[in-house]
Amino acid sequence: MPLSAHYDRKKLTILLAASLGFMALSLVLAQTDDPYIFATAQVTFLFFVGLTVFVLARFLEKREILHIDENGVFDRRIVDTTIPWSEVERLREVGKGKMRFISVTTTRATTDYITSGLKRKMMKLNEFIGFHAIGINANSIDVSFDEMRAAFAAFGPEIEKPGAKTDEENSEEAAQ
């Protein structure tokens, strides 16, 4: 059965409340004569203003965020077009700390699925800090990671488990 997900209003409300709380805290901390604390409070306030705007924009988003079906996978947060299963080379479950996501490796360049310049920059940043360019998670959406993984398993190629070695890693080990 196809999976369709939207932003989870409850999760966004919690994030919004935390952001507003930190904005209030930074305003209180700005009421000091210490220039270092004042500067830190200003930077913190601006950061959380940005986060608040980001969360409010997600509140207004009514469109589907994640869709997985027999045609492929589409995650509006990462790509602008559906990635067909015929172009998915590999799916891999990845865990970084408490965060889990499905890494999607494609036969074409990942930027072929993106028209937005900002998304392209974010993809390059993700690759730079060690995340896969197309990493789909269940954060801030109304489905669980297990539901998402089940949809990938139902329609896509086999999902490699965390810690599974790639063919390249196995061939490197054999060469040594």
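The values are calculated or read from the model by the stated rules, or taken from the named source; none is laboratory data. Please read all numbers here as calculations on a predicted model, not as lab measurements. Positions of Cβ are generated from backbone atoms using ideal geometry, with glycine treated the same way; all protein chains shown enter the neighbour counts.
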Discussion item. Please determine whether any residue of the stretch 49-70 is charged (D, E, K, R), closer than 23 Å to A150 by Cα and part of a helix (DSSP H, G or I).
Written reply: no
Practice prompt. Of the conditions (1) out of contact with any helix residue (DSSP H, G or I) (no Cβ under 9 Å at 6 or more places or on another chain); (2) free of Cβ contacts under 8 Å to residues at least 60 places away in the same chain; (3) among the acidic types (D, E), D80 clears all except one; give me its number.
Written response: (1)
Discussion item. Quick check on I78: is it in a strand (DSSP E or B), crowded, with 17+ Cβ neighbours inside 10 Å and out of contact with any Ser or Thr (no Cβ under 6 Å at 6 or more places or on another chain)?
Written reply: no
Practice prompt. Go through the residues of the stretch 52-71 one by one and say whether even a single one is β-branched (V, I, T), in contact with a Leu (Cβ under 7 Å, 6 or more places away or on another chain), farther than 30 Å from K161 by Cβ and touching a residue at least 24 places away in the same chain (Cβ under 8 Å).
Written response: yes
Discussion item. Among the residues of the stretch 18-31, are any part of a loop (DSSP other than H, G, I, E, B), surrounded by 12 or more Cβ atoms within 10 Å (Cβ to Cβ) and over 23 Å from the mean Cα position of the chain (by Cα)?
Written reply: yes
Discussion item. Would you confirm, using the coordinates I've provided, whether A138 is modelled with pLDDT of 85 or more, touching a Leu at 6+ places or on another chain (Cβ under 6 Å) and closer than 25 Å to D8 by Cα?
Written reply: no
Worksheet, complete the sentence: Checking F74, F101 in turn, the sole residue that is assigned by TED's automatic domain parsing to the domain that holds F155, at pLDDT 95 or above and within 17 Å of S140 (Cα to Cα) turns out to be F74
Fill in: Subset of the stretch 85-94 (residues that are surrounded by 16 or more Cβ atoms within 10 Å (Cβ to Cβ) and either basic (K, R) or over 21 Å from D146 (Cα atoms) (or both))
R90, R92
